[in-house]
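Peer 1: Before anything else, here's the structure in question.
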């Protein structure tokens with residue numbers, strides 16, 4: 001447990017999401033992720049236990065579950081000779097049902113448990129216990145990725161600056177390492193997109209099934225000196241393993257962007273990281289990584305690098321005030337994490353006022369039309385050509401409406417990221433020395449997708 005250095009760390013979105021997911025999947029009022037210390041049980045995440053941070057290692061519930069290799073299920077705590085005296089049973093909470101899956105390392109060390117609790121007796125199926133064990137595996141993946149990320153950062157520093165300089169920098173890098181570890185612990189998707197001056201952003205995320213952890217990802221973040229980075233991609237597969245690769249991928253891209261100005265070099269760093277970590281197995285991903293820099297003639301200079309991903313659609317407003325769609329597809333971009341000798345390609349172009357970009361995962365192009373054929377890249381391009389605006393918010397809303405109107409909806413996870421530059425005002429309408437920017441914040445919708453909502 002000391003090696004993982006997780007005890008008493010601040011709340012983290014990834015672990016909180018596991019607790020919330022457990023409560024939702026099993027329809028229970030209380031769920032938690034606990035880490036078991038020598039003399040206490042510490043709550044890394046708790047859903048429905050406001051104000052509770054730790055309890056003693058009293059036998060009966062968590063203290064008993066940590067001693068088992070399999071899932072512990074107590075249908076009625078009052079019928080269990082050990083659990084009936086536990087404070088969570090005898091206290092105000094009045095726990096009557098308890099189940100927990102241990103968080104077990106590859107070496108067999110039990111670190112803690114993922115728990116579900118109810119105030120009334122109940123039974124669960126073998127499939128339910130397997131699902132609870134899967135959630136425990138996701139927690140273990142997050143703990144392992146934290147260690148893996150720290151190792152990768154140190155290796156990069158040693159390669160670039162030399163072992164001697166890296167040692168002298170160790171103390172000054174402590175803050176950077178801490179920030180790196182904190183970033184690793186964030187949720188698979190950003191809770192909100194940032195405000196980029198002079199640009200509108202919008203996003204959407206929808207999983208194929210609420211019981212699967214998807215592998216699509218996206219992000220937008222600052223690089224400093226007026227530069228920004230964005231990426232979107234898709235990890236092969238679903239479930240706990242895909243979630244682990246997604247976390248490492250998103251984290252590595254953000255870190256590599258701080259050291260490389262060329263987007264293809266950022267994808268090279270991600271390719272090396274996925275191949276270096278044996279825990280990633282044969283997982284790979286497709287990815288678009290790009291940078292934004294304000295252009296002197298207005299709008300932004302955009303450079304995008306492709307790693308086996310479908311093309312980015314550039315929506316250009318013509319002199320006739322119509323939308324012209326161009327597919328940005330640099331030749332030669334290969335899958336990321338599949339081959340050590342993979343090569344990636346990039347293209348630089350101008351995003352003018354009134355223009356927009358649409359990035360998407362293959363859940364969009366593989367959606368089925370009424371005749372059973374896929375929408376495809378050509379279908380998406382044709383749909384975009386028919387739009388009357390390239391504004392990011394409308395791009396996302398109209399594309400989501402397109403998917404919703406298909407007979408069976410998307411057949412896979414769908415992630416969308418749109419960027420646009422507002423059209424210039426006429427000179428008489430332009431406020432003096434005022435720059436307006438807004439961001440679209442991602443928030444869960446009722447059907448489980450992440451939709452764009454505006455925040456000024």
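Any read-out appearing in this document is the output of simple, stated calculations on the displayed coordinates, not a laboratory observation. This structure is a prediction, so every number in the text was calculated from the model and none was measured. Note that we place each Cβ from the backbone using ideal geometry, even for glycine, and neighbour counts take in every protein chain shown.
Peer 1: How many nm separate the modelled label positions at residue 38 and residue 106, each set 7 Å beyond the Cα in the direction of the Cβ?
Peer 2: 2.8 nm
Peer 1: Over all directions, what mean area does the Cα convex hull of the range 13-144 project, stated in square nanometres?
Peer 2: Taking the Cα atoms of the range 13-144, their convex hull projects to 7.2 nm² on average.
Peer 1: Would you list 120, 316, 44, 297 from fewest to most Cβ contacts within 10 Å?
Peer 2: 297, 120, 316, 44
Peer 1: Also, quick follow-up: For a footprinting-style exposure proxy, rank 189, 402, 384 by other Cβ within 10 Å, fewest first.
Peer 2: 402, 189, 384
Peer 1: Percent relative contact order of the range 300-416, based on C-alpha pairs within less than 8 angstrom and at least six residues apart?
Peer 2: Averaging sequence separation for qualifying contacts and normalising by length gives 29 percent for the range 300-416.
Peer 1: Something else: Between residue 67 and residue 385, with labels modelled 7 Å along Cα→Cβ, what's the label distance in nm to one decimal, could you check?
Peer 2: Computed distance between label sites residue 67 and residue 385 equals 7.1 nm.
Peer 1: Hey, another quick one. Note the full-extension length gain between residue 301 and residue 225 as 0.36 nm times their separation in residues minus their Cα-Cα distance, in nm to one decimal.
Peer 2: Answer, rounded to one decimal: 25.9 nm.
Peer 1: Sticking with this structure for a sec: With a 10 Å Cβ neighbour count serving as the proxy for reagent exposure, in which order, fewest first, do 251, 4 appear?
Peer 2: 4, 251
Peer 1: Compute the FRET efficiency between residue 119 and residue 371 as 1/(1 + (r/R0)^6), taking r as their Cβ-Cβ distance and R0 = 56 Å, and round to the nearest 0.05.
Peer 2: The value I calculate is 0.60.
Peer 1: Still on this model: Say each of residue 402 and residue 327 gets a label point 7 Å from the Cα, pointing the same way as Cα to Cβ; how far apart are those two points in nm?
Peer 2: Label-label distance for residue 402 and residue 327, simple model: 1.3 nm.
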